[in-house]
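Asks: The structure's right below; bear with me while I get my questions together.
The values are calculated or read from the model by the stated rules, or taken from the named source; none is laboratory data. Small disclaimer: the values here were computed from a predicted structure and weren't measured. Please note: Cβ atoms are built from the backbone with ideal geometry, for glycine as well, and neighbour counts cover all protein chains shown.
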Amino acid sequence: MATGNHMHNLTTLIKRLEAATSRLEDMAMSFDGGNAPSGGQAEPGSRAIPAGGQGPAEAPKAPTPAPAAPAPSAAVPPEIEDFDSLIKEDVGTFVEIGQTIGGLIAEQSKAVLQAFQAERTYIYVATKAKRPESHPPELMTDLHKASDTINNLRESNRASPLFNHLSAVAEGIVALGWFFESKPADFVMEMQGGIEYYGNKVLKEYKEKDATHVKYIQGYYRIFKALAAYLKKYYPKGLTWNQNGVNALDALKEIKSGSGAAPVPSVPTISAPAGGPPPPPPPPPPPPADPVPDPTSTTAKSGDMSAVFADLNKGEAITSGLRKVDKSQMTHKNPNLRASSTVPERPDSQGSSSSRGKSPAPPGKKPKPESMRAKKPPRKELESNKWFIENFDNPGEIIEIPAQQNHSILISRCNKSIVKISNKANAISIDNCTGLSIIVDSLVSSLEVIKSPKFALQIDGVVPTVLLDQVDGATVYLGNQSLATEVFTSKCTSINIMLPPKEGTDEDTKECPLPEQIKSYVKNGTLVHEIVEHAG
């Protein structure tokens, strides 16, 4: 009987376990119903609950969804990959330095980045599209916007101390129009002459003042050197198009929409603010309130003033109270008293506002004359693409410079020296030289002379512009090829232009002095200027 009861209890227990197991299975199926595979097979990794109830019952966990596979990107042409590297490395470094300087420089450097990104889009279109019969203006819209921003920053800030920075960048952005040139690399190198004309002024001004500005201009130089190398590699004879490509506007839409296009490389940014001066300090606290006047002191002052007016009304009788001074007490009649009558300086005389005004301070210490200063050693050195010629004093021999087309030459503090520039150079800047003579073949840009008396220049080739500022006594010898040279003078005297004789004649060189005397008068409400000529 006991055995029958035991079997009955065991059967009841098994039924209860099966019922509980059935409920758990129903719950699991309702929980995973949305994620179960359509085939009805159990997902891998799920644990089946034994029918006999062995082990603890666990609810199955929801599987973690697998990450979506990235969409396959179209192959990027090698010319785009290299241009992306140029933007990321050279342009990116330039933008970082510009953000460090801040203000107008930061704003213009961002526009340079936008211009190069627009240039990248144009090149990418050329790899996908065939050459259009008429050039669509939409291809150049972004580049024109960036270029206009750069030029507007320059033109609207001519009075800014950073005008040379803005001008150097604006001159260089013209080089991005190399699309229509048969030799793009040469075109970019020619445009670099305009960059260095203003850039070298920045290098000279900030060489010992702020290295960040020097790095900024040098970084801009590197951009166009890298661009010229890029063009020599991929487009030595001009921009090429895809003969089997699509329409240019269709390619532009495809690239801008991002379908099948490589993303534009990101330029690293700095966490510092974009620039500009720090916020102004808070206003000073209000001045302390005037103290309430003491009525007793006011009465005393009014009494003193009435006594003064009463004495003035006495007339000549006011001197009756003066005593006679003995001659021995007079300083101008007693030498011994005059020698011992030095008046000591009051200790509170310097800080007292009630004391009499001080004598004017002596003038500042004058700088030593040039002859008494320590002479620096002569220097003739080529750094990157800039020649530095400094501190030569009557060397006794000609200083020869083997220049190249992208070289700029800076000559400073050279006295009684002769400098010969061989080959075609970019630009020459001369300052604070006395008795300097220079022989030039040809220049891409201009020759600038500042504060250099007794200056002589001989031009054998072509020099577009000569700028003379504060030059006292100069002679410029022009050749037959340089008759179109333009000469600009400011605060100059005794400037003579020597014209060559006509070819095939025995004429002598003709000396033509530049005018120094200008007559100005008002005519019909307008100020008119005329050169004064003295007829012999």
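Asks: Return yes or no: is residue 394 under 21 Å from residue 461 (Cα atoms), surrounded by fewer than 23 Cβ atoms within 10 Å (Cβ to Cβ), assigned by the TED database to the domain that holds residue 482 and not basic (Lys, Arg)?
Replies: Here the answer is no, as residue 394 does not meet what is asked.
Asks: Might you let me know whether the range 229-252 holds any residue that is of a type in the set (S, T, N, Q), surrounded by fewer than 14 Cβ atoms within 10 Å (Cβ to Cβ) and at pLDDT below 85?
Replies: No - not one qualifying residue is present in the range 229-252.
Asks: Return the residues of the range 111-160 that are of a type in the set (Lys, Arg), surrounded by fewer than 17 Cβ atoms within 10 Å (Cβ to Cβ) and assigned to a helix (DSSP H, G or I); say none if nothing qualifies. Give the derivation first.
Replies: Restricting attention to the range 111-160, the residues satisfying the condition of being of a type in the set (Lys, Arg) are 120, 128, 130-131, 145, 154, 158.
Adding the requirement that they be surrounded by fewer than 17 Cβ atoms within 10 Å (Cβ to Cβ) leaves 130-131, 145, 158.
Within the range 111-160, 145 is the sole residue that qualifies.
Asks: Take the range 446-479 and flag every residue that is touching a Ser or Thr at 6+ places or on another chain (Cβ under 8 Å), part of a loop (DSSP other than H, G, I, E, B) and surrounded by fewer than 22 Cβ atoms within 10 Å (Cβ to Cβ).
Replies: Once the filter is applied, which keeps residues that are touching a Ser or Thr at 6+ places or on another chain (Cβ under 8 Å), part of a loop (DSSP other than H, G, I, E, B) and surrounded by fewer than 22 Cβ atoms within 10 Å (Cβ to Cβ), the range 446-479 yields 453, 454, 460, 461, 462, 464, 470.
Asks: Would you be able to say whether some residue in the range 501-516 is farther than 30 Å from residue 396 by Cβ and either aromatic (Phe, Trp, Tyr) or buried (at least 17 other Cβ atoms within 10 Å of the Cβ) (or both)? Reasoning before the result, please.
Replies: Start the filter on the range 501-516 by keeping residues that are farther than 30 Å from residue 396 by Cβ, which leaves 501-508, 510, 512-516.
After this cut, where a residue has to be either aromatic (Phe, Trp, Tyr) or buried (at least 17 other Cβ atoms within 10 Å of the Cβ) (or both) as well, the list is none.
Checking the range 501-516: not a single residue is farther than 30 Å from residue 396 by Cβ and either aromatic (Phe, Trp, Tyr) or buried (at least 17 other Cβ atoms within 10 Å of the Cβ) (or both).
Asks: Then there is this: Take the range 452-495 and flag every residue that is of a type in the set (Asp, Glu) and under 19 Å from residue 413 (Cα atoms). Can you show your working first?
Replies: So the first thing to find is which residues in the range 452-495 are of a type in the set (Asp, Glu), and the list is 460, 469, 472, 486.
Selection gives 469, 472.
Asks: Within the set of pairs 6 or more residues apart or between chains, which connect a residue that is more than 19 Å from residue 413 (Cβ to Cβ) and assigned by the TED database to the domain that holds residue 479 inside the range 437-451 to a residue that is buried (at least 20 other Cβ atoms within 10 Å of the Cβ) and of a type in the set (Asp, Glu) with Cβ atoms less than 9 Å apart?
Replies: Close Cβ pairs (under 9 Å, with a partner that is buried (at least 20 other Cβ atoms within 10 Å of the Cβ) and of a type in the set (Asp, Glu)) amount to 445/196.
Yes or no, residue by residue, for (1) of a type in the set (Asp, Glu); (2) closer than 19 Å to residue 179 by Cβ; (3) modelled with pLDDT under 90:
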residue	(1), (2), (3)
69	no, no, yes
85	no, no, no
89	yes, no, no
96	yes, no, no
107	yes, no, no
112	no, yes, no
